[in-house]
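So the structure is just underneath, and the comments pick up after that.
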Amino acid sequence: MMGLLVSAQKKGNEYMLFFLGGQSNMDGYGYVKELPDSLTKKMKDVYIFHGNTVVDGTTEGGGLGIWSKLQPGHGTGFVSNGEKNTYSDRFGVELSFAYMLKQKYPDKKIALIKYSRGGTSIDSIAALDWAGCWEPDFNGRKGLNQYDYFLTTMKNALKAGDIDGDGKANTLKPSGILWMQGEQDASYDEAVALRYYDNLKRLMDLIRASMLTDDLPVVIGKISDSWNTDEGKVWPYGELVQYAQEKFAKTDGNAAIVRTTRYYGYSDTWHYNSEGYIDFGKQFALKMIPLLK
């Protein structure tokens, strides 16, 4: 993979670079029509590369994307063929996260790389056929899984050089990781849930390595439960994954956790409502800012 600090004869703008990853509550199920006016427009000096999501084993299309100004529509249903983005009527944490960072750092420019897929686990044992897993060593169908598509997303995003179209090569400064995932690992069995801390730690270290920064700040979104099933709990082993997430945030040394998810309303059994996603992005920013060097 090419280096993150892109140099050329003509030096362009420097951007703070963040990776956003995970499963469906990182995809985003908020409704664009319910956004406040402050989040409905294309954001100045904020660009996003949203990697096209595919199921494990797909040989074409995974990780395709283009750099574009951040706008609503990067929630579930978003697709890209590498030449054109097709926006959905949904949004995730990216809007309010970037908005809050711009309030704190009005003179900074922000670049987001997003790749997430609903239903994905880290542990391959818990992988759903229609979703997949992030386990780096898992030799899935045709040898491809979500970690591979993440790497492809990063490669495609970074080879662009000039992300804002001004004809000059930009510098992308690795600044942080947002991770919202764990629900699927909390739904399979106790053994998978008990492995979550080790799986999470290894994956975050590898994502950090891909961004060439060993101590890159990581903010974890704590999974929550809607209790909207006949049995009560949606995630049978949720407490074990929550414990693992808290352990990671406490022991990592450069990580934090967003806990406000427990108070969010739901639009269905699994996903927060629009108000929840707006606050979620804000809380990600508030947790990330103290970690930034």
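The values are calculated or read from the model by the stated rules, or taken from the named source; none is laboratory data. Just so it is clear, the model here is predicted, and its values are computed rather than measured. Neighbour counts run over all protein chains shown; Cβ positions are idealised from the backbone, glycine included.
Working only within region 17-43, note down all residues that are free of Cβ contacts under 8 Å to residues at least 24 places away in the same chain and more than 23 Å from Tyr272 (Cα to Cα).
Scanning region 17-43 gives no hits.
Quick one: Asn199 ticks every box in (1) closer than 29 Å to Arg259 by Cα; (2) over 17 Å from the mean Cα position of the chain (by Cα); (3) part of a helix (DSSP H, G or I) except a single one, so which number is it?
(2) is the only condition that Asn199 fails.
Restricting attention to region 192-236, and to residues there that are among the small types (Gly, Ala, Ser) and without any contact (Cβ under 8 Å) to a residue 40 or more places away in the chain, which single residue is surrounded by the most Cβ atoms within 10 Å (Cβ to Cβ)?
Looking at the filtered set, the residue picked out is Ala209.
Inside region 237-253, can you point out the residues that are within 21 Å of the chain's Cα centre (by Cα) and buried (at least 16 other Cβ atoms within 10 Å of the Cβ)? Give the steps one after another, and end with the answer.
Taking region 237-253 as the starting set, the residues that turn out to be within 21 Å of the chain's Cα centre (by Cα) are 238, 241-250, 252-253.
Selection gives Gly238, Val241, Gln242, Ala244, Gln245, Phe248, Ala249, Asp252.
Okay, residues lined up against (1) buried (at least 21 other Cβ atoms within 10 Å of the Cβ); (2) part of a strand (DSSP E or B):
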{"position": "Gly73", "(1), (2)": "no, no"}
{"position": "Ser88", "(1), (2)": "no, no"}
{"position": "Leu95", "(1), (2)": "yes, no"}
{"position": "Gln103", "(1), (2)": "no, no"}
{"position": "Asp107", "(1), (2)": "no, no"}
{"position": "Leu112", "(1), (2)": "yes, yes"}
{"position": "Lys155", "(1), (2)": "no, no"}
{"position": "Gly161", "(1), (2)": "no, no"}
{"position": "Asp166", "(1), (2)": "no, no"}
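Taking only region 265-286 into account, find how many residues are modelled with pLDDT of 95 or more, out of contact with any Gly (no Cβ under 9 Å at 6 or more places or on another chain) and either among the hydroxyl-bearing types (Ser, Thr, Tyr) or surrounded by fewer than 22 Cβ atoms within 10 Å (Cβ to Cβ) (or both).
3
How many residues, within region 247-263, are under 20 Å from Trp235 (Cα atoms) and in contact with an Asp or Glu (Cβ under 7 Å, 6 or more places away or on another chain)?
2
Only one of these is among the aliphatic types (A, V, I, L, M) and in contact with a Phe, Trp or Tyr (Cβ under 8 Å, 6 or more places away or on another chain): Ala160, Ala191. Name it.
Checking each option against the conditions leaves just Ala160.
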